[in-house]
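First the structure, in the form of structure tokens, and then the observations on it.
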Amino acid sequence: MTFDISIKIGGEAGQGIQTVGNILTSVFQSAGLYTMAINDFESRVRGGHSFFQIRISDKPVNAPSHKIDILMALNQLTCKYHEKELTKDGIILSDARFFSEKDNIHFIPLTELSAKAGDKITSNTIAVGIILSLTGMPVRLLEDVLKFSFQKKGKDILEKNFKAAELGYDFASKFKYNLNLPADNFDNSRININGSKAIALGALASDCRFASFYPMSPATSVMKNLSAFSKDIPFIVEQAEDEIAAVNNIIGASFAGVRSITSTSGGGFCLMTEGLGLAAITETPVVIINAQRPGPATGLPTRTAQADLQFVIKSSQDDFPRFVFAPGSPEEAFKITQKAFYLSEKYQVPAIILTDQYLNDSLFTIEKGVLTIPENIKSFIIEDKELENPELYKRYKLTKNGISQRVLPCSGKAIVRVTGNEHDESGHISEDAENRNKMVNKRFVKMEGMIQEMSSPETFNKESDILMIGWGSSKYAIKEASDILIESGIDIGYIHFTDLWPFPFDMVTDLIKNKKLIMVEGNRSSQLGLLIMEQTGERFFETVLKYNGRPFYPNEICKQVKKILE
Amino acid sequence: MVTVKDYECSFENKWCSGCGNFGILSAMKESLAELEISPDNILLVSGIGQAGKTPHFMKCNMFHSLHGRALTIATGAKLANHNLNIIVNSGDGDCYGEGGNHFINAVRRNIDVTLLVHNNQIYGLTKGQASPTSDQGMKTNLQQNGVISEPFNPVSTALALGCGFVARGFSGNTTQLKKLIKEAVNYRGFSIIDILQPCVSFNKINTYSWYKSKVYDLEDENYSPDSLENAFKISRLWNEKIPTGIIYKEEKLSYTEKIKVLNRHALIENNYNPEKLKEVILNIA
């Protein structure tokens, strides 16, 4: 890595921080650089303190950095909170009148310059121009991105923004400070993508055609992406009256034969647990995204957490088989969404995907090639003509592997009966004790097949005596932390889980035997640690736990691991 | 030709003898047979309560779902395949209590399903507590001093929400009920029939003879169901005389007819199109 810099833009909600950040990220991407951007904001529409942080390098970067090179402060709080994150040579850019005497603070007259550009609203574009100038990006790259962003808003607005970009660019060219990043390695095989969009694409690549949801941060963005794609592809996004309706809508649609998805966050998932049980007992495939945020109740609505693992594995009354996955990156989110649809339909069980605000809202640079579209979709639905005698069809016929033939209602002579009550093979209510045992066992025996479908966790330097263990979105922070630790002379490896339930204990038991284990998790009780304990009998582990609503930074993991190893 | 016999089912009926639900069940079978809809072409969706069991007692495709949630299941199924003929069987507790929010929103959407509410003004399955439609003052094992709240008026509520087909039936008049069900199933959009139905085990006030002494058929009075204003007035009548029949009817586009992507094919009828998806991926900047 020849350079690794970070830029943070902070200010109030409503100041357009996200817009500035998104445009900057696009420009760096079009310069052929790798970027990783996080989006930190409060649960409010105006005021408060938010920031957007971009990390830029000539090599892939997939976790946020704790150090900032350029801090653009659109309010005083940004200076107060983040000044300490500056690198030795780092600078602060500010348009406010709150100068300190420090010589690393530079005044940027956004208001004055935007007046010159002809519209106050262009101040964001001026800010972008300034940063691009200070990083050595050519102004033409910005013009291309602006064209893409503002084309629909008309020629007048586009030209004002061009002018604003130039004003900002020229203003900052007088600074001595310049990072002079290379800008000539454009590679159109790469794109910037967040977890939400990757899930949406994964759903489309699974032939999912229906989504129902109730708006909730940070899950709404998945649906916004699907809604945008539905202009080109037959897809319906339904906004339900509540999460209960959302999950039942997708159960109804799936029952009728259309692959369906919902997305929510923990509080909404609480309401969905009733429907989760209905999907389970009726053996209707559904895919549910739980984009985690800190709880309980409303918790921290716009922030991140990994604290629903134990909940989603056990939620809803009684026991039943389900799949639980937690992707660690947009690539994994794209692939796991497809796997969830495939397995949910194959085994006729619900599949839950755990993401979080960090994965859903952060931008990662990925190779476009990883987003491969399958030529065919394997369907497990049985047609009437495939049945020997449709008149004798039984929806819950007992089989060796627990999977009964799934025929769609009103698709032929076969009568399809499903119910949330315990039922006999034909789908009629049954209170018979022997039948009850048979049906519970029928559903449970699927676990034997399901566990075979689980991928083993990703490992790195697994021979080391010390292993960090994580799951879901913290993957790259842990990966980078292990690189840093190894460089500093500590022999360490990691295990990262995406496939969490049924828990692949066979694959795990050997990996962790006689090792010092350090659980790295975004919750207070080390939920994966507890699960490993329960499933493998392994009892001893140390923890690096974070539950303040913020994502993991590699550096803080390193610090805590070192403390543990002292 | 479809006959009532085609709808027969050997599964044991679990209702009390004399239950008002029997009238609804036979009116359903008769109207479906007369509409030439065969059992393999009908989907019954139900919730929980005695009404929720209805689909078990006739031959049909069925989704017997959760308390209050029948309309949400029906909505999903209809969006996935709007060629399905869907009837929802629900009760006063199921639909107006537990599923109240879903009822409101199913009406607002104007999703093309027929809702039959078996309204006996009491909770039968849980043995005799007040329901949203119990009259004020009714004493039950739980409301020992009588019901305090105003009864929920499903007819007025459906009208207020813009429902295009609102009717009231009585399970003691299956000839009329059959006619209403046929009209409701043929109606393109959300149709509701609130069906008065005595609970012989737990409601000792609103009995067969109580209903019989009050109900009258709007058709006998040359009532025309095309005025919303008149419909509202009719919807408030209860204590002296209870009007039955079609209270309001208005043609309008149903939910799935208003979704552009469904104009040509039902959602389920589309083919997976990898080429189109590849284009989508290419166009991601």
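Taking every DSSP bridge with both residues inside the stretch A:4-172, close to 55 percent are antiparallel. For the stretch A:4-172, the relative contact order works out to 21 percent when only alpha carbon pairs closer than 8 Å and six or more residues apart are counted. Straight-line cross-link reach from A:Lys67 at under 18 Å between alpha-carbon atoms covers these aspartates and glutamates, not counting any fewer than eight positions away in the same chain: A:Asp4, A:Asp40, A:Asp58, A:Glu83, A:Glu85, A:Asp89, A:Glu480, A:Asp483, A:Glu556. Which one of A:Gln306, A:Thr355, A:Thr111 has its Cα pushed farthest toward the positive end of the charge dipole of the protein assembly as shown, where Lys and Arg give +1 and Asp and Glu give -1 at the Cβ? So the residue we want is A:Thr111. Amide H contacts of A:Ala291: A:Thr264, A:Ser265, A:Thr355, each under 5 Å away and 5 or more positions distant or on a separate chain (H built 1.01 Å from N in the peptide plane; Pro and chain starts excluded).
Based on Cβ point charges of +1 for Lys and Arg and -1 for Asp and Glu, what charge dipole magnitude is obtained for the stretch A:465-566 about its Cα centre, in debye rounded to the nearest 20?
With Lys and Arg at +1 and Asp and Glu at -1, about 360 debye.
Near B:Pro154: Cβ cut-off under 9 Å, other residues only, Lys/Arg at +1 and Asp/Glu at -1. The net charge is -1. Rounded to the nearest whole Hz, the Karplus-based 3J(HN,Hα) values (6.51 cos²θ - 1.76 cosθ + 1.60, θ = phi - 60°) of the stretch B:37-49 follow the sequence 9, 7, x, 6, 10, 10, 10, 9, 10, 9, x, 10, x, with x at glycine and proline.
In the protein assembly as shown, taking the dipole from charged Cβ atoms about the Cα centre, the farthest positive-side position among B:Val155, A:Leu24, B:Asn61 is held by B:Val155.
Each listed q (0.06 Å⁻¹) maps to a log10 I(q)/I(0) for the protein assembly as shown from the Debye sum over equal C-alpha point scatterers, namely -0.48. Both the radius of gyration and Dmax for the stretch A:181-335 are 16.3, 59 Å, in that order, over alpha-carbon atoms. Think of the stretch B:218-271 as a dipole: +1 on every Lys or Arg Cβ, -1 on every Asp or Glu Cβ, centred on the Cα centre; then among B:Ser227, B:Val261, B:Trp238, B:Val261 lies furthest on the positive end. Within the protein assembly as shown, antiparallel bridges make up roughly 30 percent of the DSSP beta bridges whose residues both belong there. Shielding by partners for peptide A:227-239, expressed as the average number of C-beta atoms from other protein chains within 10 Å of each residue's C-beta, is 4. The order of A:Ser123, B:Ser38, A:Ser30, going from fewest to most other C-beta atoms within 10 Å of their C-beta, is B:Ser38, A:Ser30, A:Ser123.
Take every residue in peptide B:80-89, count the Cβ atoms of other chains within 10 Å of its Cβ, and give the average of those counts. Display every interim value, and only then the final one.
Numbers: counts 15, 9, 1, 2, 6, 1, 4, 0, 0, 0.
Mean shielding count: 4.
The residues neighbouring A:Glu332, those whose beta-carbon lies less than 15 Å from its own, together hold a net charge of 0 under the Lys/Arg +1, Asp/Glu -1 convention. Computed from Cα positions, the angle between helix A:195-204 and the longest principal axis of chain A comes to roughly 40 degrees. Rounded to the nearest 10 degrees, the inclination of helix A:220-229 to the longest alpha-carbon principal axis of chain A is 90 degrees. The lysines within cross-link reach of A:Lys116, meaning a Cα-to-Cα straight distance under 29 Å and a gap of 8 or more places when in the same chain, are A:Lys8, A:Lys102, A:Lys147, A:Lys152, A:Lys153, A:Lys155, A:Lys160, A:Lys163, A:Lys174, A:Lys176. For the stretch A:164-205, applying the loop criterion from DSSP together with a ceiling of 16 other beta carbons within 10 Å to the chymotrypsin sites (Phe, Trp or Tyr not before Pro) yields A:Phe175, A:Tyr177, A:Phe186. Over the stretch A:381-452, how many pairs of lysines fall under 24 Å by alpha carbon, counting only those 8 or more apart in sequence or from different chains? Qualifying lysine pairs in the stretch A:381-452: 16. Under a 5 Å amide H cut-off, with hydrogens placed 1.01 Å from N, B:Gln143 pairs with B:Ala130 among residues at least 5 apart or on other chains. Assign one of three labels to the stretch A:1-154, namely rounded, prolate or oblate, based on the Cα gyration tensor with a ≥ b ≥ c the square roots of its eigenvalues; rounded applies when a/c is under 1.5, prolate when it is not and a/b is larger than b/c, and oblate otherwise. Since a/c stays below 1.5, the shape of the stretch A:1-154 is classed as rounded.
For the stretch A:73-79, backbone phi angles converted through the Karplus equation (6.51, -1.76, 1.60; θ = phi - 60°) give residue-by-residue couplings of 9, 8, 8, 5, 4, 4, 4 Hz, Gly and Pro being listed as x.
Any idea what the relative contact order of chain A is, in percent, if you count C-alpha pairs under 8 Å spaced at least 6 apart?
Details: 1240 pairs, mean separation 67.5, N = 566.
It comes to 12 percent, rounded to a whole number.
Relative to the Cα centre, the charge distribution of the protein assembly as shown, modelled as +1 at Lys and Arg Cβ and -1 at Asp and Glu Cβ, gives a dipole magnitude of about 780 debye.
For the stretch A:192-370, how many pairs of lysine residues have a Cα-Cα distance under 18 Å, where the two are 8 or more positions apart or belong to different chains?
Close lysine pairs found across the stretch A:192-370: 7.
Taking the centroid of alpha carbons for each part, the stretch A:121-190 and the stretch A:41-90 are 19 Å apart. Rounded to the nearest 20, the Cβ-based charge dipole of the stretch A:4-172 about its Cα centre (Lys and Arg +1, Asp and Glu -1) stands at 380 debye. Across the stretch A:499-509, coupling constants 3J(HN,Hα) worked out from phi with the 6.51/-1.76/1.60 Karplus curve, θ = phi - 60°, read 9, 10, 8, x, 5, x, 5, 4, 6, 9, 3 Hz, and Gly and Pro carry x. Mean sequence separation of contacting Cα pairs (under 8 Å, at least six apart), scaled by the length of the stretch B:186-285, corresponds to a relative contact order of 27 percent. Near B:Ile42, the amide H atoms lying under 5 Å from its own belong to B:Asn61; only residues 5 or more places off or on other chains count, and H is placed 1.01 Å from N. With the helix formula -39500 (n - 2.57) applied to DSSP H stretches of n ≥ 4, the protein assembly as shown reaches a computed 222 nm mean residue ellipticity of -10500 deg cm²/dmol.
Among the chymotrypsin sites (Phe, Trp or Tyr not before Pro) in the stretch A:319-423, those placed in a DSSP loop whose Cβ has at most 14 other Cβ atoms within 10 Å are A:Phe380. Taken residue by residue and averaged, Cβ atoms of other chains lying within 10 Å of the Cβ of B:5-12 number 1. When peptides A:217-226, A:82-91 are ranked by their average number of other Cβ atoms within 10 Å per residue, the highest-first order is A:217-226, A:82-91.
Rounded to the nearest 10 degrees, the inclination of helix A:554-565 to the longest alpha-carbon principal axis of chain A is 70 degrees.
The numbers here are math on the coordinates, done by the rules we state, and not lab data. All values derive from a computational prediction rather than experimental measurement. Cβ coordinates were reconstructed from backbone atoms using ideal geometry, including for glycine residues, and neighbour counts include every protein chain displayed.
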